[in-house]
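Q: Sending over a structure as structure tokens; questions will come in a sec.
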Amino acid sequence: MNARTPLSPAGLPLRDTRYRTFEQYPEFATATAWLRDYVRAAVPNPRMSEREYWSVVCLPPHDGSTEAEPLVRVHVGAIEAAGLYVEALQVEQPRRIGGRVTVAVDDLEAAAGTSVEVLAAAHSGLQFRPDGPVVSIGWSDGPAGRAQLAAVPWEPAAAALVERVMRTGRCLWASDHCAQLARFALAD
């Protein structure tokens, strides 16, 4: 027989079973498009540096600290550079995607020509969470969130941070890397 039988999920590594589960999520296409856009904007030479310097984790463990369910996380070196999640809403409401990108404060302020505080005041639909030399910019999917995120010059600031972190060492989450999901980030 030449017919190929699919592997049982029980025999797959955990990251592969998570990917197979994630493929069934209604947010899968949106998440993979977001991942592709983020990697193109922020990760230098992504094909050569995949797994060794950056990784993508599919359906990462949830610590319960928030009600949002994580879908995808991008790690670079020792930091979580970006993430995508589904916001927990009421049962009657549709699921809503949100996300965050981490950038260096100095790079963001240089690209924007203003301070993070001014950016936060001007873009009330985004959440700016400073943490020392970096700031995490959170957004919720919807016309206002997307428009406000597009108005903030996060891409050059994210790319500068990712490049800087990649120079300091290898990705600590390489063992959790989901190559199946990364192929969407690397698609031409």
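The values are calculated or read from the model by the stated rules, or taken from the named source; none is laboratory data. Just so you know, these numbers come straight off a predicted model, no measurement behind them. Here the Cβ is made from the backbone with ideal geometry for all residues, glycine too, and neighbour counts use every protein chain on show. Calculation scope for accessible area: heavy atoms of the full protein, side chains included, ligands and nucleic acids excluded. Shrake-Rupley method; radii C 1.70, N 1.55, O 1.52, S 1.80 Å.
Q: Can you tell me which residues in the range 114-128 are open to solvent by less than 70 Å² (accessible area, probe 1.4 Å) and not in a helix (DSSP H, G or I)?
A: The answer is Thr114, Ser115, His123, Gly125, Leu126, Gln127, Phe128.
Q: Filter the range 139-168 down to residues that are open to solvent by 40 Å² or more (accessible area, probe 1.4 Å) and among the small types (Gly, Ala, Ser) and give me whichever is farthest from Gly98 (Cα to Cα).
A: Ala151
Q: A follow-up question, please. Mind counting the residues in the range 138-188 that are outside any helix (DSSP H, G or I) and under 24 Å from Ala110 (Cβ atoms)?
A: Of the residues in that region, 4 qualify.
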